Amino acid sequence: MVNKVILIGRLGADPEVRYTQDGTQITNFRIATSEYWKEKDGTKAERTEWHRIVTFGKIAEFCGSYLMKGRMVYCEGRIQTREWEDKEGHKRSTTEIVASNVQALEKKASNERRVGDDDQMVGGATDTQDDVPF
């Protein structure tokens, strides 16, 4: 069986960073992917899908430091659906991509925040762990 997702899209907002009790960084963000086509009458049409991305550890550190709203990224990972009960006792669920590889696809603009001395193409991070802490 295979559970693999590859997405290229733009961040809809700056990433959200949080930490587990043992200090592992978790970074969440959403990216938009769009599909374009022409209708029979010749008008242009578009459909945008939003994807929730979650990262852990080194990848999360990279995402929290380098990614920001509007930046185009490559994300590779697996689909995961989680279920829980909210405070009122209602069952809730979410489907997200647990990323094992994230790469920024654009050069940093001179007015963007900067981490380190690299002002060129921002690289990426790849998860080498098989287990994801929850």
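The values are calculated or read from the model by the stated rules, or taken from the named source; none is laboratory data. As the structure is a prediction and not an experimental result, all values here were calculated from the model. Because the Cβ atoms are built from the backbone with ideal geometry, glycine has one as well, and the counts that use them run over all protein chains shown.
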Revision key, fill the gap. Among the residues of the range 72-91, the number that are surrounded by 17 or more Cβ atoms within 10 Å (Cβ to Cβ) and modelled with pLDDT under 95 is 0
Check your understanding: Taking the range 13-32, which residues are more than 10 Å from the chain's Cα centre (by Cα) and not charged (D, E, K, R)?
Key -> 13, 17, 19, 20, 21, 23, 24, 25, 26
**Study point:** All positions within the range 1-52 that are charged (D, E, K, R), under 23 Å from residue 103 (Cβ atoms) and in a loop (DSSP other than H, G, I, E, B)
**Key:** 4, 14
Review point. Which number in (1) of a type outside the set (Gly, Ala, Ser); (2) part of a helix (DSSP H, G or I); (3) exposed (fewer than 14 other Cβ atoms within 10 Å of the Cβ) marks the one condition that residue 69 misses?
Key: (2)
Revision key, fill the gap. If you go through 94, 55, the only one that is at pLDDT 95 or above and either part of a strand (DSSP E or B) or closer than 19 Å to residue 20 by Cα (or both) is 55
**Study point:** Criterion: over 30 Å from residue 1 (Cα atoms), surrounded by 12 or more Cβ atoms within 10 Å (Cβ to Cβ) and at pLDDT below 95 - qualifying residue of 108, 40
**Key:** 108
